[in-house]
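Novice: Below is the structure I would like to discuss, written out as C-alpha coordinates.
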Amino acid sequence: MITDPLAPLPPGQDRSVGVTGLVGVDELDFSDELITGEAVVLELRPASFITRALALVADLVLTVTVFLLLYWLLYATSGSVDEAAGSALVLVTVLGVGVGMPILIETLTRGRSLGKWLAGLRVVRDDGGPIRARHALIRGLLAVLEIYWSAGSIALLTSLVNKRGKRLGDLVAGTYVIRERQPRNLPPQVAMPPHLAPWVRNADLGRLPDPLARASRQFLARAPRLAPDARHRLGYSLAAQVGDLVAPPPPPGTHPEDFLAAVLAERRDRDYARLWREMEQRRARSNSRAAASPLSATGFGLPDGD
(Lines give C-alpha, C1' and ligand atoms only; values in the text may rest on other atoms or scores of the structure.)
Protein backbone atom coordinates (compact mmCIF):
# COMPACT_ATOMS: atom_id res chain seq x y z
CA MET A 1 0.00 0.00 0.00
CA ILE A 2 1.27 3.44 -0.90
CA THR A 3 1.69 5.70 2.12
CA ASP A 4 2.78 8.87 0.36
CA PRO A 5 0.28 9.91 -2.37
CA LEU A 6 2.79 12.28 -3.90
CA ALA A 7 5.61 9.79 -4.21
CA PRO A 8 6.48 8.55 -7.73
CA LEU A 9 5.19 5.09 -8.60
CA PRO A 10 7.32 2.11 -9.65
CA PRO A 11 7.00 1.29 -13.36
CA GLY A 12 3.84 -0.59 -14.23
CA GLN A 13 2.03 0.13 -10.93
CA ASP A 14 -1.43 1.71 -10.97
CA ARG A 15 -2.13 4.50 -8.52
CA SER A 16 -5.83 3.62 -8.22
CA VAL A 17 -5.14 0.26 -6.51
CA GLY A 18 -2.83 1.78 -3.92
CA VAL A 19 -5.04 4.58 -2.60
CA THR A 20 -8.18 3.83 -0.65
CA GLY A 21 -11.21 6.04 -1.12
CA LEU A 22 -10.02 7.43 -4.43
CA VAL A 23 -12.22 10.34 -5.49
CA GLY A 24 -14.20 9.66 -8.66
CA VAL A 25 -14.49 13.07 -10.29
CA ASP A 26 -16.96 11.66 -12.79
CA GLU A 27 -19.42 11.26 -9.92
CA LEU A 28 -19.41 15.00 -9.24
CA ASP A 29 -22.15 16.80 -11.13
CA PHE A 30 -20.82 19.94 -12.84
CA SER A 31 -23.36 19.81 -15.69
CA ASP A 32 -24.68 23.33 -15.06
CA GLU A 33 -21.34 25.03 -14.45
CA LEU A 34 -18.69 26.88 -16.40
CA ILE A 35 -14.98 26.89 -15.61
CA THR A 36 -12.59 29.81 -15.46
CA GLY A 37 -8.86 29.48 -16.06
CA GLU A 38 -8.12 28.48 -12.45
CA ALA A 39 -10.93 25.94 -12.37
CA VAL A 40 -13.29 28.25 -10.49
CA VAL A 41 -16.82 27.01 -11.03
CA LEU A 42 -19.43 29.51 -12.19
CA GLU A 43 -22.89 28.05 -11.82
CA LEU A 44 -25.54 28.68 -14.47
CA ARG A 45 -28.89 28.04 -12.83
CA PRO A 46 -31.68 26.89 -15.14
CA ALA A 47 -34.81 29.02 -14.95
CA SER A 48 -37.86 27.53 -13.27
CA PHE A 49 -40.92 26.67 -15.30
CA ILE A 50 -43.02 29.31 -13.54
CA THR A 51 -40.51 32.06 -14.34
CA ARG A 52 -40.36 30.95 -17.96
CA ALA A 53 -44.16 30.89 -18.12
CA LEU A 54 -44.35 34.48 -16.84
CA ALA A 55 -41.78 35.54 -19.44
CA LEU A 56 -43.83 33.78 -22.11
CA VAL A 57 -46.97 35.65 -21.05
CA ALA A 58 -45.14 38.96 -21.43
CA ASP A 59 -43.91 37.90 -24.87
CA LEU A 60 -47.44 36.88 -25.91
CA VAL A 61 -48.80 40.25 -24.79
CA LEU A 62 -46.19 41.98 -26.94
CA THR A 63 -46.93 39.68 -29.88
CA VAL A 64 -50.69 40.25 -29.69
CA THR A 65 -50.20 44.02 -29.35
CA VAL A 66 -47.94 44.20 -32.41
CA PHE A 67 -50.30 41.97 -34.39
CA LEU A 68 -53.33 44.13 -33.57
CA LEU A 69 -51.49 47.29 -34.54
CA LEU A 70 -50.38 45.80 -37.85
CA TYR A 71 -53.86 44.37 -38.49
CA TRP A 72 -55.41 47.78 -37.91
CA LEU A 73 -52.83 49.35 -40.22
CA LEU A 74 -53.57 46.80 -42.96
CA TYR A 75 -57.31 47.28 -42.52
CA ALA A 76 -56.95 51.05 -42.81
CA THR A 77 -54.70 51.00 -45.89
CA SER A 78 -55.94 48.04 -47.92
CA GLY A 79 -59.55 49.01 -48.60
CA SER A 80 -59.25 48.24 -52.34
CA VAL A 81 -57.56 44.83 -51.87
CA ASP A 82 -59.71 41.80 -52.69
CA GLU A 83 -60.59 39.14 -50.12
CA ALA A 84 -57.94 36.60 -51.19
CA ALA A 85 -55.15 39.15 -51.06
CA GLY A 86 -56.39 40.39 -47.70
CA SER A 87 -56.32 36.86 -46.29
CA ALA A 88 -52.79 36.38 -47.60
CA LEU A 89 -51.68 39.61 -45.94
CA VAL A 90 -53.22 38.53 -42.64
CA LEU A 91 -51.48 35.13 -42.86
CA VAL A 92 -48.12 36.75 -43.60
CA THR A 93 -48.63 39.13 -40.69
CA VAL A 94 -49.48 36.29 -38.31
CA LEU A 95 -46.40 34.29 -39.32
CA GLY A 96 -44.15 37.32 -39.28
CA VAL A 97 -45.26 38.52 -35.86
CA GLY A 98 -45.82 35.14 -34.20
CA VAL A 99 -42.75 33.34 -35.56
CA GLY A 100 -40.40 35.75 -37.30
CA MET A 101 -40.39 38.49 -34.66
CA PRO A 102 -39.38 36.23 -31.71
CA ILE A 103 -36.63 34.65 -33.81
CA LEU A 104 -35.28 38.05 -34.85
CA ILE A 105 -35.39 39.45 -31.31
CA GLU A 106 -33.62 36.45 -29.75
CA THR A 107 -30.97 36.55 -32.48
CA LEU A 108 -30.24 40.27 -32.09
CA THR A 109 -30.24 40.20 -28.29
CA ARG A 110 -28.32 36.90 -28.01
CA GLY A 111 -31.12 35.05 -26.26
CA ARG A 112 -33.27 37.70 -24.58
CA SER A 113 -36.84 38.52 -25.54
CA LEU A 114 -38.86 41.24 -23.80
CA GLY A 115 -40.37 38.74 -21.40
CA LYS A 116 -36.99 37.19 -20.61
CA TRP A 117 -35.50 40.63 -20.06
CA LEU A 118 -38.25 41.49 -17.58
CA ALA A 119 -37.84 38.15 -15.78
CA GLY A 120 -34.04 38.25 -15.79
CA LEU A 121 -33.65 35.23 -18.08
CA ARG A 122 -31.54 34.42 -21.11
CA VAL A 123 -31.28 31.55 -23.58
CA VAL A 124 -27.77 30.07 -23.79
CA ARG A 125 -26.16 27.10 -25.50
CA ASP A 126 -25.54 23.91 -23.58
CA ASP A 127 -21.93 25.01 -23.08
CA GLY A 128 -23.05 28.35 -21.64
CA GLY A 129 -22.22 30.43 -24.72
CA PRO A 130 -24.56 32.90 -26.46
CA ILE A 131 -27.01 31.52 -29.01
CA ARG A 132 -26.88 32.30 -32.71
CA ALA A 133 -29.44 32.63 -35.46
CA ARG A 134 -29.79 28.90 -36.05
CA HIS A 135 -30.55 28.27 -32.38
CA ALA A 136 -33.21 30.99 -32.36
CA LEU A 137 -34.65 29.66 -35.64
CA ILE A 138 -35.02 26.11 -34.32
CA ARG A 139 -36.59 27.30 -31.07
CA GLY A 140 -38.96 29.64 -32.89
CA LEU A 141 -40.15 27.08 -35.42
CA LEU A 142 -40.76 24.37 -32.83
CA ALA A 143 -42.57 26.88 -30.62
CA VAL A 144 -45.38 26.81 -33.19
CA LEU A 145 -45.92 23.14 -32.39
CA GLU A 146 -45.21 22.92 -28.68
CA ILE A 147 -46.57 26.29 -27.51
CA TYR A 148 -49.14 27.61 -29.96
CA TRP A 149 -50.58 24.43 -31.52
CA SER A 150 -50.61 22.36 -28.30
CA ALA A 151 -51.42 25.31 -25.99
CA GLY A 152 -48.11 24.77 -24.20
CA SER A 153 -48.81 21.17 -23.18
CA ILE A 154 -45.84 19.70 -25.09
CA ALA A 155 -43.49 22.33 -23.67
CA LEU A 156 -44.82 21.67 -20.17
CA LEU A 157 -44.36 17.89 -20.34
CA THR A 158 -40.89 18.17 -21.86
CA SER A 159 -39.77 20.72 -19.25
CA LEU A 160 -40.98 18.60 -16.35
CA VAL A 161 -38.91 15.56 -17.34
CA ASN A 162 -35.69 17.49 -18.06
CA LYS A 163 -33.44 18.61 -15.20
CA ARG A 164 -32.68 21.88 -16.98
CA GLY A 165 -36.33 22.54 -17.77
CA LYS A 166 -35.76 22.27 -21.50
CA ARG A 167 -38.68 22.36 -23.87
CA LEU A 168 -38.64 20.50 -27.18
CA GLY A 169 -37.08 23.43 -29.04
CA ASP A 170 -34.24 23.58 -26.51
CA LEU A 171 -33.55 19.86 -26.83
CA VAL A 172 -33.26 20.09 -30.61
CA ALA A 173 -31.34 23.38 -30.65
CA GLY A 174 -28.97 22.45 -27.82
CA THR A 175 -29.98 25.38 -25.61
CA TYR A 176 -31.61 26.10 -22.26
CA VAL A 177 -32.84 29.12 -20.29
CA ILE A 178 -30.84 30.44 -17.33
CA ARG A 179 -31.42 32.99 -14.61
CA GLU A 180 -29.12 35.98 -15.03
CA ARG A 181 -30.16 37.92 -11.93
CA GLN A 182 -28.47 35.91 -9.21
CA PRO A 183 -25.70 36.70 -6.74
CA ARG A 184 -22.26 35.82 -8.02
CA ASN A 185 -20.16 35.05 -4.99
CA LEU A 186 -16.88 33.84 -6.40
CA PRO A 187 -14.66 31.86 -4.03
CA PRO A 188 -11.31 33.45 -3.11
CA GLN A 189 -8.38 32.74 -5.39
CA VAL A 190 -6.07 29.91 -4.49
CA ALA A 191 -2.89 31.25 -2.91
CA MET A 192 0.50 29.95 -3.97
CA PRO A 193 2.37 28.25 -1.08
CA PRO A 194 5.68 30.16 -1.06
CA HIS A 195 7.84 27.11 -0.32
CA LEU A 196 6.48 25.31 -3.42
CA ALA A 197 6.78 28.22 -5.86
CA PRO A 198 10.33 27.35 -7.09
CA TRP A 199 9.32 23.76 -7.80
CA VAL A 200 5.98 24.38 -9.52
CA ARG A 201 7.34 27.13 -11.79
CA ASN A 202 9.21 24.44 -13.77
CA ALA A 203 6.65 21.63 -13.38
CA ASP A 204 4.75 20.13 -16.29
CA LEU A 205 1.00 20.67 -15.68
CA GLY A 206 -0.24 20.23 -19.23
CA ARG A 207 -1.95 16.89 -18.69
CA LEU A 208 -4.19 18.03 -15.81
CA PRO A 209 -7.82 17.71 -17.03
CA ASP A 210 -10.48 20.28 -16.20
CA PRO A 211 -12.76 17.91 -14.20
CA LEU A 212 -9.91 16.96 -11.86
CA ALA A 213 -8.86 20.60 -11.49
CA ARG A 214 -12.45 21.54 -10.67
CA ALA A 215 -12.73 18.81 -8.04
CA SER A 216 -9.45 19.97 -6.46
CA ARG A 217 -10.56 23.60 -6.48
CA GLN A 218 -13.87 22.75 -4.85
CA PHE A 219 -12.15 20.59 -2.24
CA LEU A 220 -9.79 23.42 -1.23
CA ALA A 221 -12.73 25.83 -0.95
CA ARG A 222 -14.70 23.45 1.26
CA ALA A 223 -11.83 21.87 3.21
CA PRO A 224 -12.23 24.05 6.36
CA ARG A 225 -15.85 22.92 6.68
CA LEU A 226 -15.15 19.18 6.24
CA ALA A 227 -14.80 16.67 9.01
CA PRO A 228 -11.13 15.87 9.73
CA ASP A 229 -11.37 12.28 8.47
CA ALA A 230 -13.13 13.30 5.24
CA ARG A 231 -10.71 16.17 4.70
CA HIS A 232 -7.74 13.85 5.12
CA ARG A 233 -9.13 11.17 2.82
CA LEU A 234 -10.27 13.53 0.06
CA GLY A 235 -7.07 15.57 0.17
CA TYR A 236 -4.81 12.55 -0.16
CA SER A 237 -6.99 10.98 -2.85
CA LEU A 238 -7.08 14.09 -5.02
CA ALA A 239 -3.37 14.68 -4.51
CA ALA A 240 -2.73 11.11 -5.66
CA GLN A 241 -4.62 11.66 -8.90
CA VAL A 242 -3.05 15.05 -9.60
CA GLY A 243 0.39 13.72 -8.69
CA ASP A 244 0.19 11.14 -11.47
CA LEU A 245 -0.18 13.97 -14.02
CA VAL A 246 2.43 16.42 -12.71
CA ALA A 247 6.16 16.07 -13.29
CA PRO A 248 8.54 16.27 -11.58
CA PRO A 249 6.98 15.30 -8.21
CA PRO A 250 6.96 17.89 -5.42
CA PRO A 251 9.57 17.95 -2.65
CA PRO A 252 9.32 15.06 -0.17
CA GLY A 253 6.98 15.67 2.75
CA THR A 254 4.73 18.12 0.86
CA HIS A 255 1.26 18.36 2.37
CA PRO A 256 -1.48 17.32 -0.11
CA GLU A 257 -3.43 20.56 0.27
CA ASP A 258 -0.31 22.66 -0.32
CA PHE A 259 0.46 20.53 -3.37
CA LEU A 260 -3.04 21.04 -4.83
CA ALA A 261 -2.93 24.77 -4.10
CA ALA A 262 0.43 25.16 -5.81
CA VAL A 263 -0.70 23.29 -8.93
CA LEU A 264 -3.96 25.25 -9.25
CA ALA A 265 -2.32 28.63 -8.59
CA GLU A 266 0.38 27.96 -11.19
CA ARG A 267 -2.24 26.70 -13.67
CA ARG A 268 -4.20 29.91 -13.18
CA ASP A 269 -1.13 32.13 -13.57
CA ARG A 270 -0.10 30.35 -16.77
CA ASP A 271 -3.58 30.73 -18.23
CA TYR A 272 -3.62 34.44 -17.40
CA ALA A 273 -0.17 34.90 -18.91
CA ARG A 274 -1.20 33.05 -22.08
CA LEU A 275 -4.35 35.15 -22.45
CA TRP A 276 -2.33 38.33 -21.91
CA ARG A 277 0.18 37.33 -24.61
CA GLU A 278 -2.62 36.56 -27.05
CA MET A 279 -4.26 39.92 -26.33
CA GLU A 280 -0.97 41.74 -26.87
CA GLN A 281 -0.39 39.88 -30.13
CA ARG A 282 -3.86 40.78 -31.40
CA ARG A 283 -3.32 44.39 -30.39
CA ALA A 284 0.04 44.49 -32.18
CA ARG A 285 -1.48 42.98 -35.35
CA SER A 286 -4.35 45.47 -35.19
CA ASN A 287 -1.95 48.40 -34.83
CA SER A 288 0.16 47.06 -37.68
CA ARG A 289 -2.84 46.83 -40.00
CA ALA A 290 -4.02 50.30 -38.99
CA ALA A 291 -0.61 51.78 -39.79
CA ALA A 292 -0.15 49.86 -43.04
CA SER A 293 -0.29 51.62 -46.38
CA PRO A 294 -3.60 51.25 -48.28
CA LEU A 295 -1.57 49.73 -51.11
CA SER A 296 -0.11 46.94 -48.94
CA ALA A 297 -1.66 43.52 -48.46
CA THR A 298 -2.47 44.21 -44.82
CA GLY A 299 -4.08 47.49 -45.77
CA PHE A 300 -6.71 45.58 -47.70
CA GLY A 301 -7.23 43.22 -44.74
CA LEU A 302 -5.49 40.35 -46.52
CA PRO A 303 -3.53 37.73 -44.56
CA ASP A 304 -0.20 39.10 -43.44
CA GLY A 305 1.43 35.81 -42.53
CA ASP A 306 0.61 35.79 -38.79
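Novice: What spacing in nm lies between the two simple spin-label points modelled at residue 150 and residue 222, each 7 Å away from Cα in the Cβ direction?
Specialist: Once both label points are built, they end up 3.7 nm from each other.
Novice: Enter the accessible area per residue of region 63-171 (Å², integer; probe 1.4 Å; all protein chains in place). Display every interim value, and only then the final one.
Specialist: Details: 6360 Å² over 109 residues.
Value returned for region 63-171: 58 Å² of accessible area per residue.
Novice: Would you please give the FRET efficiency between residue 74 and residue 48, computed as 1/(1 + (r/R0)^6) with r the Cβ-Cβ distance and R0 = 45 Å, to the nearest 0.05? Walk me through the numbers on the way to the answer.
Specialist: Working: r = 39 Å, r/R0 = 0.86.
Taking R0 as 45 Å, the efficiency between residue 74 and residue 48 is 0.70.
Novice: Give me the percent of accessible area attributable to carbon and sulfur for region 145-237, probe 1.4 angstrom.
Specialist: 58 percent
The values are calculated or read from the model by the stated rules, or taken from the named source; none is laboratory data. On a predicted model such as this, the values are computed, not experimentally measured, just so you know. Positions of Cβ are generated from backbone atoms using ideal geometry, with glycine treated the same way; all protein chains shown enter the neighbour counts. In case anyone asks, the SASA skips ligands and DNA or RNA and just uses the protein heavy atoms, side chains included. Shrake-Rupley method; radii C 1.70, N 1.55, O 1.52, S 1.80 Å.
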